[in-house]
Amino acid sequence: MTLNELKKGAVARVAGFSENESGQSTVSKLREIGFAEGDEVELLYTGLFGGTPLSFRLNRTMIALRKGEASLIKIIPENKAAA
Amino acid sequence: MTSLKLALVGAPNSGKTTLFNGLTGGLAKTANYSGVTVETRSGHFKTPIGVDVEVMDLPGIYGLEAHSVDERVAVDAIAGNIEGKTPPDALVVVVDAAHLRTHLHTVLQMKTLGKPIILALNMIDLAERDGVKLDIDALEKEVGVPVVTTRATRSAGRQSLLKVIDDQIQNLKSQQSQIPQQKVDIKQLQSEARAIANKVVLFEPVMNKVTRNIDKVVLHPVGGIVTLFVILFFMFQAVFSWATPFMDLIEVSAEALGNGVAAVIPDGLFQDLIVEGVIAGVGSVVVFLPQIIILFCFILLLDASGYMARAAFVMDEAMMRVGLNGRAFIPLLSSFACAIPGVMAARTIENEKDRLTTIMVAPLMTCSARIPVYVLIIGAFFSNDQVWGPIRLQGLVMFGLYLAGIVSAILVAFVLKKTATKGPSQPLIMELPTYKVPQPRDFFLGLWSRVWAFLKRAGTIIFATSVILWALVTFPLRDEPELRTSIAGKIGSVIEPIFAPIGFNLEMVISLIPGMAAREVAVSVLGTVYAIEGGEENTEGLSAALQNAWSLPTALAFLAWFVYAPQCFATLATVRRETNSWKWTLMMTAYLFGLAYAVSGITYWVAKGAGL
């Protein structure tokens, strides 16, 4: 499962990143802003049409991504309800 | 005496600038424009034992891989790759204490540079209020650098930093003893950072509750768009209605000053120069200071509160459709104040083609220098009738003009992205900061630097053009004060035929030329021109003179011209510098001229056809 597939209010953990060659420069930017294996993520808000951009909670930080960027992040859903 | 050179580094929104202003008292060498820290600012402070510290405030970075021009500046400054600038002796890495877990790897990355480091856990008071509990001693031990907690806003909250500088002065100066490490894989740094975070973060609640609650409205798919438009609309209404009493005061004062001077200086050319040239010319521009202050107040507060990134988020979808990134909205919003900081703020955009597109459309955002022109014309030709509730017609027309600029920018960007700056759409990766109460010190320092810039323009460019223009309309000396026989009139007559098809008269044409030096000069030119034409009888002021001399279609065409009117020389020079290309600069000038001419013409003939 990738981050763009996360439902609103659902919590997951970052499992890894796309190994796709073309996505690597974006992956390094995602890592720099703070996404790392094991981090807690939650989908907070989406845009009006087409569900982009997306805003996430990463640990306690809020980050905005588009669907394309979110699809580069692999996640494992958690069974914990959002706080 | 010992001296030390420090650089403040850290993520955007970590409170570096507040810390910098607190340490230095705000006395900095280069200007800091709204939206981002575009230039490296430097200032001085002294520690309790008397170390003379020079400190640099750098653009926000998350790591050492510079993606944008802006980040390049920061990384180069740290590494000492900027010519003529000595690299810092040591770094103060500023981290928002509330987001330590997410940003700790940035600290480890800075450590790989081999420079002495102090880790400042900033805004610790806000983090504690959220309920975050950190083990500072463990953090110091695990990271292996001195750690201080700071409250950037209080001087007591900065003492710990000053004390550590004094205690560690020998270590901080000993940069030669440390060797930079090999480039470390960010994945490895992150896993180290997370391991440390697990030990030192004793407790952290899920998220700042206030931020979460505000965002329920502000980032709501529909509510967000409504919020943004309400804020923008309120901002433009405020610019109009709140400023009026202050503007009246300035106007009355300028008139009294003119009369006073006229009473002292004997009649003649010199009195004319001072009263009609200098006081009337400069005064007609300074009168707009209250409005410019109000506009900047809004921009500064939106920025400092953390709303600006939300505005970029809300706009991202629309921006994506024209091929741009939501982030481009921030430089564009700065352009509402002035296109120069806007064009410079585009440095934060990573993709070169996106940056060029943003620069090219930035002048279509209505800059504050256009406000005087809009206010004059709208005030003269539209009543201030109530339209609905607190909304008045003049504010509505003003809003329409701003909207015309925005819509045009979207269309131009769309065309550019399909042609000259064609390329794939760029990723949006942006932190949405926690909402904060803006700091009075940052706010007033920011406001003062902008007010000062405006007054400096009034005292230099506008003063000079007012005097030159007065000379051009006064000479050659003649008995009948007929505009057409003056030097300005003769120059204007040559280009008048070009503008005749779009309804512009001689006076308007004359006002357009010095308008290239500074937009607002167009107002003082009209003031001077009509004052001279009207002679003694002209006592009702400029607005009455315009009502007599211009038809409504003419006034509308003039407004339309200023929506697109090519930028002042200062902006064109900035565009030349930032793009490093004459081709782009000329292209911008040409397309703006073309649009201005075409849209003014259409406005004029449509309005005429409609019988206005």
Fill in the blank from the handout: Those residues in the range B:184-219 that give up at least 50 Å² of accessible surface, probe 1.4 Å, once the partner protein chains are present instead of the chain by itself are B:I186, B:Q190, B:R194, B:V206, B:M207, B:R212
Practice task
On the protein heavy atoms, probe 1.4 angstrom, tell me the percent of accessible surface of chain B carried by carbon and sulfur.
Solution key: 63 percent
Practice task
Once you have the Cα-Cα distance between B:E251 and B:I265, take 0.36 nm times their residue separation minus that, and quote the gain in nm to one decimal.
Solution key: 2.9 nm
Problem - Estimated dipole of the range B:335-492 in Debye, rounded to 20 [Cβ of Lys and Arg +1, of Asp and Glu -1, Cα centre] - result: 300 debye
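Sort the protein assembly as shown into rounded, prolate or oblate with this rule: let a ≥ b ≥ c be the square roots of the eigenvalues of the Cα gyration tensor; rounded if a/c is under 1.5, and if a/c is not under 1.5, prolate when a/b is larger than b/c, oblate otherwise.
Verdict is prolate for the protein assembly as shown.
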Practice task
Run through the DSSP bridge list for chain B and note the antiparallel percent, rounded to the nearest 5.
Solution key: 30 percent
Handout entry: Crossing angle, helix B:69-79 versus chain B [Cα axis fit, 0-90 degrees, rounded to tens]
Key = 40 degrees
Problem - Segment B:F414-B:W242, length gained on full extension (0.36 nm per residue, minus Cα span) - result: 58.3 nm
Handout entry: Estimated FRET transfer efficiency when R0 is 60 angstrom, pair B:Q386-B:K199 (beta carbons, to 0.05)
Key = 0.40
Handout entry: DSSP-defined antiparallel bridges as percent of all bridges, the protein assembly as shown, nearest 5
Key = 60 percent
Problem - Residue-count net charge about A:F56 - beta-carbon cut-off 11 Å; Lys, Arg +1, Asp, Glu -1 - result: -3
Completion exercise
Looks like the range A:3-82, by Cα gyration tensor root eigenvalues a ≥ b ≥ c and the a/c under 1.5 rounded cutoff (else prolate when a/b is bigger than b/c, oblate otherwise), is oblate
Handout entry: Accessible area per residue in Å² at 1.4 Å probe, computed on the range A:3-82
Key = 37 Å²
Completion exercise
Each label sits 7 Å from Cα toward the beta-carbon; between B:R478 and B:S3 the label points are separated, in nm, by 6.2 nm
Problem - Exercise: per-residue mean of other protein chain Cβ atoms within 10 Å, B:440-448 - result: 0
Handout entry: Above-threshold pairs, the threshold being 18 Å between Cα atoms, out of B:K111/B:K187; B:K16/B:K456; B:K111/B:K163; A:K67/B:K422
Key = B:K16/B:K456; B:K111/B:K163; A:K67/B:K422
Handout entry: B:K46 versus B:R441: modelled label distance in nm, points set 7 Å from Cα along the beta carbon direction
Key = 1.8 nm
Handout entry: Estimated buried accessible area (total), pair B and A, 1.4 Å, Å² to nearest 100
Key = 3700 Å²
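Under the rule a/c < 1.5 gives rounded, and otherwise a/b versus b/c splits prolate from oblate, where does the range B:4-204 land using the Cα gyration tensor?
Here the range B:4-204 falls in the rounded category.
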Practice task
Compare the peptides B:352-359, B:334-341 by average per-residue count of other Cβ atoms within 10 angstrom and give them in order, highest first.
Solution key: B:334-341, B:352-359
Fill in the blank from the handout: Rounded to the nearest 500, the 222 nm mean residue ellipticity computed for chain B from DSSP H runs (n ≥ 4, each -39500 (n - 2.57)) alone is -18000 deg cm²/dmol
Fill in the blank from the handout: Between B:A573 and B:Q168, the two model label points (7 Å from Cα along the beta-carbon direction) sit apart by a distance in nm of 4.3 nm
Exercise for the section: Ignore the peptide's own chain and count Cβ atoms of other chains within 10 Å of each Cβ in A:33-41; give me the average, rounded. Expected result: 6
Handout entry: Length added when fully stretched, B:N548-B:R154, from 0.36 nm per residue minus Cα-Cα
Key = 136.1 nm
Handout entry: Per residue, in Å², the accessible surface of chain B once ligands and nucleic acids are set aside, probe 1.4 Å
Key = 41 Å²
Problem - Dipole magnitude (debye, nearest 20) for the range A:3-82, charges at Cβ of Lys, Arg, Asp, Glu - result: 280 debye
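Please compute the average number of Cβ atoms from other chains found within 10 Å of each residue's Cβ in peptide B:426-438.
Across the residues of B:426-438, the mean count of other-chain Cβ atoms within 10 Å is 5.
The values are calculated or read from the model by the stated rules, or taken from the named source; none is laboratory data. As the structure is a prediction and not an experimental result, all values here were calculated from the model. Cβ sites come from the backbone with ideal geometry, for glycine too, and all protein chains shown count toward neighbours. Protein only, heavy atoms only, side chains kept; ligands, DNA and RNA dropped before computing areas. Shrake-Rupley method; radii C 1.70, N 1.55, O 1.52, S 1.80 Å.
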